[in-house]
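Participant: Here it is, the structure, as structure tokens.
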Amino acid sequence: MGKKFIHIILSCAFMAISQGNAQKSAEDKARVKWFEEARFGMFIHFGLYSVPSGVYNGEVMGRNWYAEWIRMQGNWPNGIPDEEYRKFARQFNPEKFNADEWIRMASEAGMKYFLITAKHHDGFALWPTKVSKYNVVDATPFNRDILGELAIACKKYDIKLGFYYSHWQDWGHKGGALPPWPSKELGTEPKMPQPTAEEFDQYWRTICLPQVAELIENYDPWFFWFDTWERSELLPYEKVDELIAHVRGLSDKVLIGSRIAFEYPGIEERVDYLSMMDNTFPDGYIEQPWETSGTFNRSWGYHLKDFGWKPTKELLRNLVANASRNGNYQLNVGPKPDGTFPLPSIKRLKEIGAWMDINGEGIYGAEPNPVAEQDWGYITQKGKKLYLFVFDWPILSDRIVVKKLNTTPSGITVLETSENLNYERIEGGLGIQLPEFQPDQNCTVFIVDLE
Ligand code: JFZ
């Protein structure tokens, strides 16, 4: 989908969205409070697709970098035959998987919650579901309940657990929706025969609804991230409402995100938080709690040939920009087939963690503020303190200007070093003298005391 199009959707959505939030009950707002304060979470894409890691029969998969799509986009344009793809289950054996280590890494990076693909589009479940043998215990030599182990680790580190669940597409169970080919970009794609409404309904009752119930009953999650990105006749509004009621009936704490439906008028009133499109960062404040899910490189699932690792500075910028606009950032790791995180992800998580240990206080629980957008970076507010996140350190000037700030502070300090900074009122804002030495090459934080 084009950037421009997403933009139009977003800006049209803004008005409706604020209305959506205004209509929320006190109970709705209380349920989502932890999410809004958390600001930073880990997303994980792990499943059978992690075995081929974006390469099938020596060929890097076609069309895009989404390694978790290899069943449909490997061996392009035909996809990998179903029998062949299922064989990856026999090779799925992440012997170095250590739930405690995963969650510890998330926690040490400053993340407050953890979201994993309980079942992605391929239909394979990371827990021993009773309604299908296509799962980690019944179909793989690994034979361990990955979600169960993660749930225990999450409790230990006080990290809130959530599940990605592909409710619409399921390529592993009869009746699940298939990719919405042919797409607009390419004429060469295979035509996938979609299930009939009856077949989909059968899948819905025997796989989707029971699995969602199992996930809630077994693992006590805090939120769900369902996934659609196109209108589908298979998923009429009644079914979306049915799934929402199903979840609400089983738990009064589970949050539901907006990607449960696509272009469903008024969806923001029915769900707890809004999801932006992948790696899409809106350019302003949104009142209803929201998140952007983003990747370290280009793929979600581990991809052997994706070397497009983003610099830590860019990742921090995404986190801070969203926090200053009332949003969360869900940064995705695609673990390797042996169950370990790729080294570039580990390195970046550690870099972010070291930065968050010092500067995180300006991120968690950040409040809306009228001066958030500045040309050198972003501002967050907590009570009487402003946190200035300086990403673009001036080269030709020894000061930055905080535009539109009309109150005179009682003091300004560098958060990391405690150095006091000089400042003066100027036309249209406040001028701040920069320290002689730049404390952080990625982003230096100043605290402005408005007391
Ligand atoms: C979806 C999944 O298909 C993908 O595998 C991954 O899990 C991601 C987080 O979510 O991907 C999408 C959804 C929407 C668009 C592109 C990929 N889109 O419209 O740009």
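The values are calculated or read from the model by the stated rules, or taken from the named source; none is laboratory data. Bear in mind the structure is a predicted one, so any value in this text is a computation, not a measurement. Neighbour counts are summed over all protein chains in view; Cβ atoms, including those assigned to glycine, are modelled from backbone coordinates with ideal geometry. Side chains included, ligands, DNA and RNA excluded: accessible areas come from the protein's heavy atoms. Shrake-Rupley method; radii C 1.70, N 1.55, O 1.52, S 1.80 Å.
Participant: In the stretch 353-411, which trypsin sites (Lys or Arg not before Pro) fall in coil by DSSP and have 16 or fewer other Cβ atoms within 10 Å?
Facilitator: Those satisfying the criteria are Lys384, Lys404.
Participant: Assign unit charges at the C-beta atoms only (+1 for Lys and Arg, -1 for Asp and Glu), then state the dipole size of the chain relative to its Cα centre in Debye, rounded to the nearest 20. Intermediate values should be presented prior to the final figure.
Facilitator: Working: 49 positive and 61 negative charges, 87 e Å.
Here the size comes out at about 420 debye.
Participant: On the full set of protein chains, 1.4 Å probe, figure out the accessible area of Glu108 and give it in Å² to the nearest 10.
Facilitator: Roughly 110 Å² of Glu108 is accessible to a 1.4 Å probe.
Participant: Considering only DSSP beta bridges whose two residues both sit in the stretch 11-362, what percent are antiparallel, to the nearest 5? Don't skip to the end; give the middle numbers.
Facilitator: Working: 3 of 35 bridges.
Approximately 10 percent, going by the DSSP bridge assignments.
Participant: For helix 209-219, what angle does its Cα long axis make with the longest principal axis of the chain, in degrees from 0 to 90 and rounded to 10?
Facilitator: 60 degrees
Participant: Sticking with this structure for a sec: Towards the positive end of the charge dipole of the stretch 11-362, with charges on Cβ (+1 Lys, Arg; -1 Asp, Glu), say which of Pro179, Ile44, Gln23 has the farthest Cα.
Facilitator: Ile44
Participant: Okay, moving on. Run through the stretch 213-249 and list the trypsin sites (Lys or Arg not before Pro) located in a DSSP loop whose Cβ has at most 15 other Cβ atoms within 10 Å. Intermediate values should be presented prior to the final figure.
Facilitator: Numbers: sites: Arg231, Lys239, Arg248; in loops: Arg231.
Taking the stretch 213-249 and a limit of 15 other Cβ atoms within 10 Å, the loop trypsin sites (Lys or Arg not before Pro) found are Arg231.
Participant: With every protein chain kept in place and ligands, DNA and RNA left out, what is the accessible area per residue of the chain? Probe 1.4 Å, answer in Å². Present the calculation step by step, with values, prior to reporting the outcome.
Facilitator: On the way: 18810 Å² over 451 residues.
Result: 42 Å² of accessible area for each residue.
Participant: Skipping prolines and chain starts, which residues have an amide H placed within reach, meaning under 5 Å, of the one on Asn328, given they are 5 or more residues away or on another chain?
Facilitator: Trp290, Glu291, Thr292
Participant: Okay, next question. Could you tell me how many degrees, from 0 to 90 and to the nearest 10, lie between the Cα long axis of helix 237-250 and the main elongation axis, the longest principal axis, of the Cα atoms of the chain?
Facilitator: 80 degrees
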